[in-house]
1. Exactly one condition in (1) within 21 Å of I3 (Cα to Cα); (2) modelled with pLDDT of 90 or more is not met by R48; state its number.
2. With a cut-off of at least 3 residues that are exposed (fewer than 10 other Cβ atoms within 10 Å of the Cβ) and at pLDDT 75 or above, name the helices (runs of 4 or more DSSP H) lying wholly within region 74-169.
3. Could you check region 21-42 and list, in sequence order, the residues that are aliphatic (A, V, I, L, M) and exposed (fewer than 15 other Cβ atoms within 10 Å of the Cβ)?
4. Go through region 23-42 and give me each residue that's of a type outside the set (D, E) and part of a loop (DSSP other than H, G, I, E, B).
Amino acid sequence: MKIDVSNLLKQVGATHKVEGSEALSFKEDDLKLSSPVRVKLKLVNTGRTVLITGLLKTTVRLGCCRCLKEFDYPINIKIEEEYSKKHFSSQNIKEGEEAELKEKDLVFEIGEDNVIDLDEAIRQNIIVALPIKPLCSKLCRGLPEAKEAKKKSMDPRLAKLKEFKNAGS
């Protein structure tokens, strides 16, 4: 999803609103979007950066961690990202050395043609919004085969306890 910000960059404090939807694909991350990404954004020229705030909505196809069925997971995200014409690098560091990231290192770049490409920011925000253990429903009981196998397989050392329990009833 690309936005031309040529007019926005001409005046500090200028704003621009963007609404739209686009079908995106992030195959390298195995993200399956089952609906187009809808955005409602406000862009503001802060003088140093272009601040983008707004809402992002889509649906991601996930696999349930209990029953392994695929289901659609709705994503509604409030996003806030910054884009800059100049890329700020933290320091000149050598390979293998550690460097502390500063806030200015987390700013996306505006292209040479004054176009902002939102795809990477959208991808990152979707990944952060995904659940660690996706469930198709809160009441998902898991794989039926696994439950049956668990019932059938009993530790032979506990067989006497089962006999004792059954004798008492």
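1. Going through (1) within 21 Å of I3 (Cα to Cα); (2) modelled with pLDDT of 90 or more one by one, R48 breaks only (2).
2. Values: elements: 119-129, 144-152, 159-168.
Because the criterion is at least 3 residues that are exposed (fewer than 10 other Cβ atoms within 10 Å of the Cβ) and at pLDDT 75 or above, the helices (runs of 4 or more DSSP H) in region 74-169 that meet it are 159-168.
3. A23, the sole residue that qualifies.
4. A23, L24, S25, S34, S35, P36
Conditions tested, residue by residue: (1) surrounded by fewer than 14 Cβ atoms within 10 Å (Cβ to Cβ); (2) in a strand (DSSP E or B).
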| position | (1), (2) |
| --- | --- |
| V12 | yes, no |
| V44 | no, yes |
| L51 | no, yes |
| L56 | no, yes |
| C67 | no, no |
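The values are calculated or read from the model by the stated rules, or taken from the named source; none is laboratory data. Small disclaimer: the values here were computed from a predicted structure and weren't measured. Note that we place each Cβ from the backbone using ideal geometry, even for glycine, and neighbour counts take in every protein chain shown.
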